[in-house]
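Participant: Would you mind keeping the following structure in view while I ask a few things?
The values are calculated or read from the model by the stated rules, or taken from the named source; none is laboratory data. Owing to the predicted nature of the structure, the values given are computational and were not obtained by experimental measurement. Note that we place each Cβ from the backbone using ideal geometry, even for glycine, and neighbour counts take in every protein chain shown.
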């Protein structure tokens, strides 16, 4: 979901009812694309049914400049949906927690239902994390 | 090569020297320790004793500097982990979690 471009949607390969939208903010966003090459995620196509749930992966450093765009993206995603912070930056600010320009975790902006550790998290960790977070809702 | 999913701690090897805590660029590590007097041997010594160790994996940037600088190799990469939680606090690993992930 590059800012200003059409969102890239994925489905979890083992559970296509889970739709994944990636908010590409920094390096963590590359891991979702990497998960498609490992057949953990598949790009959404017209053959897929309506999703059971949409998981918005906030992947990367949220700066104060980009914070309104992240909130706007989140508000445009149809329910049912959950936001998941992927990696250290989205969870807590990560290595930039002390920087004046960086939001210290997306909980300040949107209601996050999950946090996945890593810098960045491995593709399989992201997909396993999403499945376990959705499963334990 | 061990995959870098999280960090493990060999508790008995840790001397609570705090080098890892001071080197950590994102300041995600915390150690609680106390000092004990040891009088065995030729002269009395004061040593640090580890009370609690925690790593906040919501902050950790997986750089491995703590593992590199640890003088006793008490810290090590672990292939166990892949942490996900519903709360940010759920990504904080306490001593017991870190010890469980270490290779014996």
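Participant: For the range B:28-39, indicate whether the set of residues that are out of contact with any strand residue (DSSP E or B) (no Cβ under 9 Å at 6 or more places or on another chain) and either over 17 Å from residue B:93 (Cβ atoms) or modelled with pLDDT of 95 or more (or both) is non-empty.
Facilitator: no
Let's see how each residue does on (1) within 28 Å of residue A:113 (Cα to Cα); (2) away from chain A (no Cβ under 11 Å); (3) without any contact (Cβ under 8 Å) to a residue 12 or more places away in the chain:
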position: B:18; (1), (2), (3): no, yes, no
position: B:32; (1), (2), (3): no, yes, no
position: B:38; (1), (2), (3): no, yes, yes
position: B:48; (1), (2), (3): no, yes, no
position: B:51; (1), (2), (3): no, yes, no
position: B:75; (1), (2), (3): no, yes, no
position: B:84; (1), (2), (3): yes, no, yes
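Participant: Where residues in the range A:82-107 are more than 10 Å from chain B (Cβ to nearest Cβ) and in contact (Cβ under 8 Å) with a residue 40 or more places away in the chain, which of them is surrounded by the most Cβ atoms within 10 Å (Cβ to Cβ)?
Facilitator: A:103
Participant: Further question on the same structure: I need a count of the residues in the range B:86-96 that are touching a residue at least 24 places away in the same chain (Cβ under 8 Å) and either more than 10 Å from every other protein chain (Cβ to nearest Cβ) or assigned to a strand (DSSP E or B) (or both).
Facilitator: 4
Participant: Now a separate question. Of all residues being surrounded by fewer than 24 Cβ atoms within 10 Å (Cβ to Cβ) and at the interface with another protein chain (Cβ under 7 Å from one of its Cβ atoms) in the range A:110-121, which is nearest to residue A:93 (Cα to Cα)? Just the residue, please.
Facilitator: Selected residue: A:119.
Participant: Then there is this: Please count how many residues of the range B:30-57 are more than 13 Å from the chain's Cα centre (by Cα), under 26 Å from residue B:99 (Cβ atoms) and outside any strand (DSSP E or B).
Facilitator: Selection size over the range B:30-57: 0.
Participant: I'd like to check something: does the range A:92-113 contain any residue that is farther than 25 Å from residue B:91 by Cβ, modelled with pLDDT of 85 or more and not in a loop (DSSP other than H, G, I, E, B)?
Facilitator: Checking the range A:92-113: not a single residue is farther than 25 Å from residue B:91 by Cβ, modelled with pLDDT of 85 or more and not in a loop (DSSP other than H, G, I, E, B).
Participant: Quick test of your reading of the structure: residue B:96 fulfils all but one of (1) over 26 Å from residue A:135 (Cβ atoms); (2) out of contact with any strand residue (DSSP E or B) (no Cβ under 9 Å at 6 or more places or on another chain). Name the failing condition by number.
Facilitator: Among (1) over 26 Å from residue A:135 (Cβ atoms); (2) out of contact with any strand residue (DSSP E or B) (no Cβ under 9 Å at 6 or more places or on another chain), the lone unmet condition for residue B:96 is (1).
Participant: Considering the range A:77-91 alone, what residues qualify as being part of a strand (DSSP E or B) and under 16 Å from residue A:25 (Cα atoms)?
Facilitator: A:83, A:84, A:85, A:86
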